[in-house]
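All remarks here apply to the structure that follows.
The values are calculated or read from the model by the stated rules, or taken from the named source; none is laboratory data. Predicted, not measured: the structure shown is a model, and the values here were computed from it. Glycine gets a Cβ as well: all are built from the backbone with ideal geometry, and neighbour counts include every protein chain shown.
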Amino acid sequence: MSTTRSSAGPELMLPGLREVYAAYVRETGVLPSLPGPLEAEVWVSARLGSLESAAPHAQGRRAALGDLITCLRAAATPGARAFLRALAAIGPLEGRKAAGRAAAGLGGVPAAPWEESLGRVVPGQVWLIQEGPLDGDRLVCEFRYEGAGTRGMHALAVRLSHGDAPAEVVIVGDVPALMGAARQAMQAELCVVQPYDPAAVGPRLRAALDGTEPPEDCYPALALARHRAALLPG
């Protein structure tokens, strides 16, 4: 794939998307002010989801990702650095090293206070919620940021339909509220809630999230969901 240099910016593989990348860069201004790593990861995952859903094929997605990294590096703002660090932590595998190198080149740019926590989570309890034979399985996987205790607790919740195709992918910040509602529904005999073996869930989720094209509303959480699923055993 050829590259094109413009006097208005760095050399790009997809120069027709220059304004799209510029919009992404402008939006990063809010990133350093977000309260913590989870909010930052969710924010970045949503932008990566938009990029992936708009790409016509895998080659186009990789080219757009490379261009975005190039534009963020050229911007050299605190928000661009935060985006690059998040991308290096939880983004697509093919872009993590390049994003990490680009972020390392911005050593003189102020870092977000939560930068070192990005992607550094450990898995916890996994739950299976079944609401009926037609609703599929909802898998809820708990995670905590290293050293943050319950303050860093969150969950990946994925509903799998027939054939284990993802029907819903969300990141849950208030896990106690989610599980409390699930247990109330179980007491009302509206669903079944039970612990599930993380070693069985890991391969199942990874296959689902990397398999067939998901519904449009799954894309915002997809990058972060893949990162979390990769941390599960099995």
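Of the candidates 35, 92, 56, the single residue that is out of contact with any helix residue (DSSP H, G or I) (no Cβ under 9 Å at 6 or more places or on another chain) and at pLDDT 95 or above is 35. Quick check on the stretch 174-188. Is at least one of its residues closer than 25 Å to residue 41 by Cα, in contact (Cβ under 8 Å) with a residue 60 or more places away in the chain and not hydrophobic (A, V, I, L, M, F, W, C)? Scanning the stretch 174-188, I find no residue that is closer than 25 Å to residue 41 by Cα, in contact (Cβ under 8 Å) with a residue 60 or more places away in the chain and not hydrophobic (A, V, I, L, M, F, W, C), so the answer is no. When residue 174 is tested against the conditions (1) over 25 Å from residue 234 (Cβ atoms); (2) touching an Asp or Glu at 6+ places or on another chain (Cβ under 9 Å), the lone failure is (2).
In the stretch 93-128, the qualifying residues are those that are farther than 19 Å from residue 234 by Cα and in contact with a Gly (Cβ under 8 Å, 6 or more places away or on another chain), and the one that is surrounded by the fewest Cβ atoms within 10 Å (Cβ to Cβ) is 98.
Looking at this structure, is residue 132 assigned to a loop (DSSP other than H, G, I, E, B), within 23 Å of residue 214 (Cα to Cα) and small (Gly, Ala, Ser)? For residue 132, the condition - assigned to a loop (DSSP other than H, G, I, E, B), within 23 Å of residue 214 (Cα to Cα) and small (Gly, Ala, Ser) - is met. Residues of the stretch 204-231 that are within 15 Å of residue 141 (Cα to Cα), surrounded by 20 or more Cβ atoms within 10 Å (Cβ to Cβ) and out of contact with any Lys or Arg (no Cβ under 8 Å at 6 or more places or on another chain): 205, 208, 221, 222, 224, 225, 227, 228. On the stretch given as the stretch 218-234, residues that are more than 21 Å from residue 125 (Cα to Cα) and touching a strand residue (DSSP E or B) at 6+ places or on another chain (Cβ under 8 Å) total 1.
Tell me whether the stretch 145-160 contains one or more residues that are touching a Pro at 6+ places or on another chain (Cβ under 9 Å), of a type outside the set (Phe, Trp, Tyr), part of a strand (DSSP E or B) and without any contact (Cβ under 8 Å) to a residue 60 or more places away in the chain. Yes, some residue in the stretch 145-160 is touching a Pro at 6+ places or on another chain (Cβ under 9 Å), of a type outside the set (Phe, Trp, Tyr), part of a strand (DSSP E or B) and without any contact (Cβ under 8 Å) to a residue 60 or more places away in the chain. If residue 69 satisfies every condition in (1) modelled with pLDDT under 95; (2) surrounded by 13 or more Cβ atoms within 10 Å (Cβ to Cβ); (3) not acidic (Asp, Glu) but one, which is the exception? Residue 69 satisfies all of (1) modelled with pLDDT under 95; (2) surrounded by 13 or more Cβ atoms within 10 Å (Cβ to Cβ); (3) not acidic (Asp, Glu) except (1).
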